[in-house]
Amino acid sequence: MKTQCLVVNPWNPEGPVLEEATGILRRGGLVAFPTETVYGLGANGLDASAVTAIYRAKGRPSDNPLILHVSSPLEAEPLAFLDARSRALMSAFWPGPLTLVLPSRPIVPFETRGGLDSVALRMPDHPVALALIDRVGVPLAAPSANLSGRPSPTDASAVLFDLGGRIDLVLDAGPVSVGVESTVIGLCDETPLLLRAGGTAKEDIEDFLGVPLQIPNEESSRRSPGTRYRHYAPFVPVLVWKPPEPCTCPAPQIWGYLGLTPPPLPFARVVLFESLGNYARGLFAGFRLMEKEGLEGVVVQWPSGEGIGLALRDRIRRAAAVGS
Ligand code: AMP
Ligand code: MG
């Protein structure tokens, strides 16, 4: 398969480009598109065979469910059983990097839900994503547009590197603005669960709900299978440096470094971020840069866990995990 790449205006997507993408999606094909978090690999989320093609293209385990992307809160109504709490969260945080896991209605295919009885829903905050969903007229299932286990793609070149030849089209609207995936919260029971830290700060959701988000135990993390796998990892090894501990690296002269403050060792390549937000925006691209430049590994500075720092910590921990 040849993968087409079309440049699209991020603020005012061109009609003919959207039309091309819409045609592919209506025929059950795969289109990678930008969201504010990372690039997503989209398919018709109500078509079981289109969704199966996503798992195949990514090499994703079939029990790791997909997020359905909608272009308005109203479109969530036929997909899940909503209540006052979920509707209030949608009005407060959508469009934005917050995914709600809710009891599914039967219209959502088994394949989209990874066999669970719940469904994950989100309204992305990106004009291209919203226009595309709107035109296709169905919710788009869209996990990150990378090979399973790799760093998520934050621009079109990363999508092509991983999935070139495996999908129909990439819409290139430049780099994303958030850089890590959405926060996923579980709303199937009375106690809200934090299933994955992400682009919406945990603190903001807790302030809104007036109760703390529970961290899932073994049982409930089985309910969010994506959190089990090793993830986000470049081909080269990742080591975490947690100041004030000593910074250890087998060979800094051929390794790279990503962090907020200058490293104490003479690394071959140093990328410094000016803020936690920029760190989030640049972490995955930083991993891919180190690969491209042929470095032997990368040392990553452990950030504070506030705001988006919690999501950064999660991605760094998983990228550095040895084995699965
Ligand atoms: P990704 O699409 O790669 O950003 O991953 C989606 C995340 O949402 C994964 O961690 C999934 O396990 C989680 N998720 C999706 N659907 C559900 C669901 N029905 N229940 C629990 N977690 C879900
Ligand atoms: Mg992913």
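The values are calculated or read from the model by the stated rules, or taken from the named source; none is laboratory data. These numbers were taken from a predicted model, which means no experiment stands behind them. Cβ atoms come from the backbone with ideal geometry, glycine included; neighbour counts cover every protein chain shown. Just so you know, the surface numbers come from the protein's heavy atoms only, side chains and all, with ligands and any DNA or RNA stripped out. Shrake-Rupley method; radii C 1.70, N 1.55, O 1.52, S 1.80 Å.
For this structure, a couple of remarks:
- Taking the range 241-253 as the range and being in contact with a Phe, Trp or Tyr (Cβ under 9 Å, 6 or more places away or on another chain) and under 19 Å from G294 (Cβ atoms) as the test, the residues that pass are C249, P252, Q253.
- Across the range 290-316, the number of residues qualifying as small (G, A, S) and open to solvent by less than 10 Å² (accessible area, probe 1.4 Å) comes to 3.
- Qualifying residue in the range 198-213 (condition: closer than 23 Å to D63 by Cβ, at pLDDT below 95, part of a loop (DSSP other than H, G, I, E, B) and within 16 Å of ligand 2 (Cβ to nearest atom)): no
- Taking the range 144-195 as the range and being under 26 Å from A80 (Cβ atoms), within 11 Å of ligand 2 (Cβ to nearest atom) and crowded, with 24+ Cβ neighbours inside 10 Å as the test, the residues that pass are S144, A145, S152, V180, E181, S182.
- Boolean, F267 is among the aromatic types (F, W, Y) and either open to solvent by 50 Å² or more (accessible area, probe 1.4 Å) or outside any helix (DSSP H, G or I) (or both): yes
- For the range 232-264, a residue qualifies if it is open to solvent by 50 Å² or more (accessible area, probe 1.4 Å), farther than 30 Å from G59 by Cα and in contact (Cβ under 8 Å) with a residue 60 or more places away in the chain, and exactly one does: K242.
- When residues of the range 246-260 are limited to those that are part of a loop (DSSP other than H, G, I, E, B) and in contact with a helix residue (DSSP H, G or I) (Cβ under 9 Å, 6 or more places away or on another chain), the one nearest to G277 (Cα to Cα): L260
- Identity of the residue in the range 30-79, more than 19 Å from the chain's Cα centre (by Cα) and hydroxyl-bearing (S, T, Y), that ends up nearest to ligand 2 (Cβ to nearest atom): S49
Condition check ((1) surrounded by fewer than 22 Cβ atoms within 10 Å (Cβ to Cβ); (2) in contact with a helix residue (DSSP H, G or I) (Cβ under 9 Å, 6 or more places away or on another chain); (3) β-branched (V, I, T); (4) under 27 Å from D168 (Cβ atoms)) across all residues:
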{"position": "V51", "(1), (2), (3), (4)": "no, no, yes, yes"}
{"position": "Y55", "(1), (2), (3), (4)": "yes, no, no, yes"}
{"position": "N64", "(1), (2), (3), (4)": "yes, yes, no, yes"}
{"position": "V70", "(1), (2), (3), (4)": "no, yes, yes, yes"}
{"position": "A80", "(1), (2), (3), (4)": "no, yes, no, no"}
{"position": "A88", "(1), (2), (3), (4)": "yes, yes, no, no"}
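- Residues (away from ligand 2 (no atom under 16 Å from the Cβ) and either buried (at least 21 other Cβ atoms within 10 Å of the Cβ) or not charged (D, E, K, R) (or both)) located in the range 128-143: V128, L130, A131, L132, I133, V136, G137, V138, P139
- Scanning the range 149-165 for residues that are more than 13 Å from the chain's Cα centre (by Cα) and of a type in the set (G, A, S), we see that the one that is nearest to ligand 1 (Cβ to nearest atom) is A158.
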